[in-house]
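See structure below.
Only the coordinates and a few stated rules stand behind these numbers; no lab work does. This structure is a prediction, so every number in the text was calculated from the model and none was measured. For neighbour counting, all protein chains shown are included, and Cβ atoms are generated from backbone atoms with ideal geometry for every residue, glycine included.
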């Protein structure tokens, strides 16, 4: 019974993700209409044959903006997860491997970061460094550092005591070699799960920030901005809100399902 | 006869039905200490878990396990639950993980009495201290209050034995109870088990990979290989089966210091690799062609000496 | 025969790092001294907690000593650091107990056996491959083993790979810390035979640490018995076995099962 659920996670999550990736892939080469061209004559028109998902309040094609927005979403996801992962894994590895005072210092910094609500930190960061997609990505990336650091650290603490590490040390391996070649490959699995989950959090966070007007700036499309801009027209043009809302939900759902599947898969692997 | 196992087969239900225990039959009499010996993967632990009906969901079994005349494979979960701990009890290998780390050890012994008897709280405490004395623990009142991690390995194992004898079981199953202990502690625990057997005449099924240990303790020894019993003897000196003799030769003997140890070529076949014919045929020094085709029966040769071999 | 290793007054304590000063930091290794001759198999036996594994870890420099000297081939290796330490690692090697955790599960056998050469920058690429194949042959493996992963091997096979990995740089001195304790009897016999064969072939000296008296007596030329951090008796194997002097040794011997069978 459990196995079936795990399979559905993979099939549905994977399926949705592939669909989204296709949409994004296509968007690099073809968009039905211009993303920025204003055409007030057709503003807020419902879905039709020429505008498959209707138009927004500036007469721009929602489908095209949605497709372009997927690029933004994935870009933010990739960059912020990369920032969080690289810095977080490094800190966690150093902390877990060397222990002692270094561990104490790093963990207290991580604790302080975790005590801060993520969005609040992002707001502060952006108010200091300015709005825009770059700062959004950096802020979201920094928010995810503690998760990666803690997962990496616990993996290192566990593996560090095992005999193959002692064997490597006795053979003369340097600390770097042990960290990079021996321990890291054996702790990478939970980090990958965390990366998947962080990816979906990043997309949500970007949507939230853009909704607040702090993330992606006009006229660049972003699902969050589209949600914000569509709000006041919800009663007369519901398709305008539904489109980006559905995209955000689908993406986050797909990523979470895949993350669950990976976690279950690893658990089964680990048990064997 | 305290327990009689007839034609026990244990399968693992995955896509291919892998058989871990093949048509196992043996019995243990009242007051007898029976040894079940074999290397990893031979199925000895699975046999003991089958008796206790503690196998995982992915295992299935066929056959009969007659305990005091009744086939316990037919009992309901509830009936089996009242049997475990009371009529049949088990001693596990690793005392630290067999005890609940968050409860004091005295309480853990009392719990068994609470579940299976109708004694009052006061009577339970008295009985618990009695049991602790029976297993040769010292400083009873203080030890009663300790947590498992505060005790030594030997002390923990004694607590487990106290739990196992609490309800005067007819059958105690001990699965490698001394493997995790030092050699001198091991000797003490073995002596304790002997003492209990002498006093209470319970049956003891002693599972181990250590032939010497089993040879010292047990009245009869069953040797297992790849899911089959291949020999049952009363004295290791009488061993005739090639596998038993190979095992005995493989044990380092300080008196034969210079000689190379006999090491059996190849390795134990995994569940998927087991073929028809004698399970040991692939590695046996005296195997002939017939051995690969025919599975020998476990036959009684001389007085109570059972042997499964075509050529010995 | 000259001494390859001399231990002098070795001490090591483990204290818990509490906020308050802990009074009972017990000495795991309490002022021990002994010598090991070149080419011999020296046994260190004792029950759990006696300090034998700690001694092995001190000699292989996985742990640092509190005080005392470890003299290897005439030089004190206690204070070694950096390049000298790495150099020493070519000569003193170690085999561990648990075959299921002593190999990196994510690397194949070829990588595991190649690593010592890469760490110490030895031999050319062709020579490396040849040496690896030679070592595989001694263990009875063929070339196909190079691409296998530890999870595909049995306990005995893994232990043989672990032993090979320790011997790639041709050390003189090998510490075997409970190297056969986690193996079945028939596999144990295989590994003990293998270790003896390697000793003859490569001229090794072993420090054989175990709690199993049968194995120790069988394998070793001389034996030291440890209890609570101290060495209480050292003697040649037969003399210790047939005529133990210390009451603790006597009690250990008396506790070994198997009197009936033999």
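Before moving on, here are some points about what is shown:
- Shape metrics for the range B:94-186, restricted to C-alpha atoms - Rg then Dmax, Å: 12.7, 39
- With all projection directions averaged, the alpha carbon convex hull of chain C covers 16.3 nm².
- Translational diffusion of the range A:58-137, µm² s⁻¹ [Kirkwood Rh, Cα pairs; Stokes-Einstein; 20 °C; 1.002 mPa s]: 140 µm²/s
- Orientation-averaged projection of the range B:3-225 equals 12.4 nm² [convex hull of Cα atoms, one quarter of hull surface area].
- Normalised per residue, the volume of the convex hull around the Cα set of the range A:1-117 (Å³): 202 Å³
- Paramagnetic label reach from residue B:152 (point 7 Å along Cα→Cβ; backbone nitrogen cut-off under 13 Å): within the range B:170-198, residues B:181-189.
- Whole-Å distance, taken between Cα centres, linking the range B:157-205 and the range B:35-114: 15 Å
- Fluctuation leader among A:73, A:112, A:149 - chain A, Gaussian network, Cα springs under 10 angstrom: A:112
- Cα centroid of the range B:229-253 to Cα centroid of the range C:24-93, whole Å: 40 Å
- In nm, spacing of pseudo-spin labels at residue B:257 and residue A:8 (7 Å Cα→C-beta vector): 7.0 nm
- Angle in degrees between helix B:121-134 and the longest Cα principal axis of chain B, rounded to the nearest 10: 50 degrees
- Rg and Dmax [Cα atoms of the range B:182-312; Å; Rg one decimal, Dmax integer]: 16.6, 50
- Simple spin-label estimate for residue A:234 and residue C:64 gives 6.4 nm between the two label positions (7 Å along the Cα-to-Cβ direction from each Cα).
- Average beta carbon contacts from partner chains per residue of C:109-118, 10 Å cutoff: 2
- In Å, descending, principal axis extents of the Cα set of chain A: 76, 49, 31
- Peptide C:83-94 - average C-beta neighbours from other chains (10 Å radius): 2
- Compactness check for the range B:85-141: Cα Rg over 2.2 N^0.38 Å is 1.15.
- Equivalent-ellipsoid semi-axes of the range B:1-110, from the Cα gyration tensor, Å, largest first: 24, 19, 15
- Fluctuation leader among B:241, B:292, B:228 - chain B, Gaussian network, Cα springs under 10 angstrom: B:292
- Here the average projected area of the convex hull drawn through the C-alpha atoms of the range C:115-262 stands at 11.0 nm².
- Rounded tilt (10° steps) of B:105-116 against the dominant C-alpha axis of chain B: 80 degrees
- Peptide C:100-108 shows a mean partner chain C-beta count of 5 within 10 Å per residue C-beta.
- Taking all pairs of distinct alpha-carbon atoms in the range A:178-241, Kirkwood radius in angstrom: 14.1 Å
- Estimated FRET transfer efficiency when R0 is 56 angstrom, pair residue C:246-residue A:120 (beta carbons, to 0.05): 0.20
- Principal-axis tilt of helix B:183-200 within chain B, Cα atoms, nearest 10 degrees: 80 degrees
- Computed [θ] at 222 nm, helices only, for the protein assembly as shown once each DSSP H run of length n ≥ 4 contributes -39500 (n - 2.57): -15000 deg cm²/dmol
- Value of Rg/Rh across the range B:270-312 [Cα atoms, Kirkwood radius]: 1.02
- Candidates A:81, A:128, A:23: whichever shows maximal mean-square fluctuation once chain A is modelled as a Gaussian network with Cα springs under 10 Å: A:128
- Label separation (residue A:158 vs residue C:152): 2.6 nm, computed from points 7 Å beyond Cα along the C-beta direction.
- Pairwise centroid distance, computed over Cα atoms, of the range A:4-47 with the range A:76-108, Å: 35 Å
- Equivalent-ellipsoid semi-axes for the protein assembly as shown (Cα gyration tensor, √(5λ), whole Å, largest first): 58, 37, 29.
- Rg over Rh [alpha-carbon atoms, Kirkwood Rh] for the range A:92-248: 1.15
- DSSP-defined antiparallel bridges as percent of all bridges, the range B:3-225, nearest 5: 45 percent
- FRET efficiency, residue C:9 to residue C:144 (Cβ-Cβ, R0 45 Å, nearest 0.05): 0.35
- Calculated FRET efficiency, residue B:114 to residue C:201, Cβ-Cβ distance, R0 = 45 Å: about 0.10 to the nearest 0.05.
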